[in-house]
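**Q** Would you mind keeping the following structure in view while I ask a few things?
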Amino acid sequence: MEYLPRRWLLSLLLLALSALARGAPDVPLPEARPGVAEDRFATLALSCIHRPYPTKIAHVLQSAADALPPQQMTPAFYGCFDWHSSVHGHWLLVRILNTDPESPFRGAIETALGQSLTADNLRGELAYYRGEGRKSFERPYGIAWFLQLVVELEQSPHPLAPRWRANLQPLEAAIVAQIKSWLGNLQYPVRVGTHNQSAFAFTLMLDYARVVADVELEDALTRKALAFHLEDRACPLNYEPSGEDFLSPCLEVADLMRRIMTPERFAKWLEDFLPQLPTTEVDDWLEPGIVTDPTDGKLAHLHGLNLSRAWALEGVAGALPAADKRRPALLASARLHRARGLAAVSAEHYEGSHWLGSFATYLTTGRGL
């Protein structure tokens, strides 16, 4: 009676050892070009998307049989410490293929994506996603980033993109159906500065809906955003940040609303939503987040806050009329946050390196603009 459990434990041990052996990239990486930040970001993603440990999983178990190594549960997106970081690490790599087709990392990126985005791996992802008790799996942050990965492949001129895109479609369909159901049930916005925030997820979902022409999803997101935020007033930026934020509750709402309003209507709405915005070119009206211990994964979130604030500030400024007096202050603060955020992106501490490259790439390549 004890033979099978021992054999099962031995199998798990062998799988774990095999996974550890796959922690390094499968192909040698080229040298980053001097002054090309995206090369450094590519290195970060390539170094972690197939690194299974350390890992943090949000995993609902129905029995002991569900206690499995990461690669068996989510065979495409098991690296980069957690599922959502793995997903947007893959997005980062596709984004670099699209924005820098002559990148010296092109071959390594193609190999890595080809290893991950197979039909078999995505069937495994779909089976996991549909598992009992996982209705809210990675919702909304992780599944919003998955849709951003779909967008990047949908718009990619790369010859392998159609194959990878097709392999994502079954999971994409399941995720979109779940999002539509969730939107129908969601009664209130989630105004936190971390993964559960609804505003940032809505921006990624809305961009996806428009690219793939899912009018039903676009309408549902637009209606919900207006219901949640049209009457918002005097958002308390002075209460930000919380100690573990990587998203601004106020600025992400503004970045969402500029996507669904005309410039004139948005400019007027913003007067009520952020009445404290300066009308002169100053950058000291919003202090960047300060990280005192980059080895603390939660405290290191504030590096990401600086990056996400920068793209939100740029997006809000870009949506205002050219002569709007708030634009100089918005852009000045965006420059400050951009500089602080990008300076913190390095391979030194895995607590930040497994995800900050994606935020940096989203900012430097202007994906959300």
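None of the figures in this text is laboratory data; all of them are computed from the coordinates on show. As the structure is a prediction and not an experimental result, all values here were calculated from the model. Ideal geometry is used to build each Cβ from the backbone, glycine not excepted, and the neighbour counts take in all protein chains shown.
**Q** As an exercise, identify the GluC sites (Glu not before Pro) in region 211-280 lying in DSSP coil whose Cβ has no more than 10 other Cβ atoms within 10 Å.
**A** Sparse-neighbourhood loop GluC sites (Glu not before Pro): 231.
**Q** Okay, moving on. Structure shown: which of 135/180; 135/298; 180/224; 268/325 lie over 21 Å apart, alpha-carbon to alpha-carbon?
**A** Cα-Cα > 21 Å for 135/298; rest within.
**Q** Note the direction-averaged projected area, equal to a quarter of the hull surface, for the Cα convex hull of the chain, in nm².
**A** One quarter of the hull surface, i.e. the mean projection, equals 19.1 nm².
**Q** Let a ≥ b ≥ c be the square roots of the eigenvalues of the Cα gyration tensor of region 229-369; is it rounded (a/c under 1.5), or, if not, prolate (a/b larger than b/c) or oblate?
**A** Taking the square roots of the gyration eigenvalues as a ≥ b ≥ c, region 229-369 is prolate.
**Q** I've got another one for you. Restricting to DSSP H runs of at least four residues, report the calculated mean residue ellipticity at 222 nm for the chain, -39500 (n - 2.57) per run over all residues, nearest 500 deg cm²/dmol.
**A** -18000 deg cm²/dmol
**Q** Taking the Cα atoms only, what angle lies between the long axis of helix 263-273 and the longest principal axis of the chain, rounded to 10 degrees?
**A** 90 degrees
**Q** Give me the angle, in degrees from 0 to 90, between the Cα long axis of helix 37-46 and the longest principal axis of the Cα atoms of the chain, rounded to the nearest 10.
**A** That works out to roughly 30 degrees.
**Q** Follow-up question, since we're still on this one. What aspartates and glutamates could a cross-link reach from residue 56, if we take a straight Cα to Cα line under 16 Å and drop same-chain neighbours fewer than 8 places away?
**A** 66, 82, 138, 296, 351
**Q** Another question, then. Determine the shape class of region 91-214: with a ≥ b ≥ c the square roots of the Cα gyration tensor eigenvalues, call it rounded for a/c under 1.5, and otherwise prolate if a/b is greater than b/c, oblate otherwise.
**A** prolate
**Q** For a protection proxy built on the mean count of beta-carbon atoms within 10 angstrom, sort 275-284, 330-339, 308-317 highest first, please.
**A** 308-317, 330-339, 275-284
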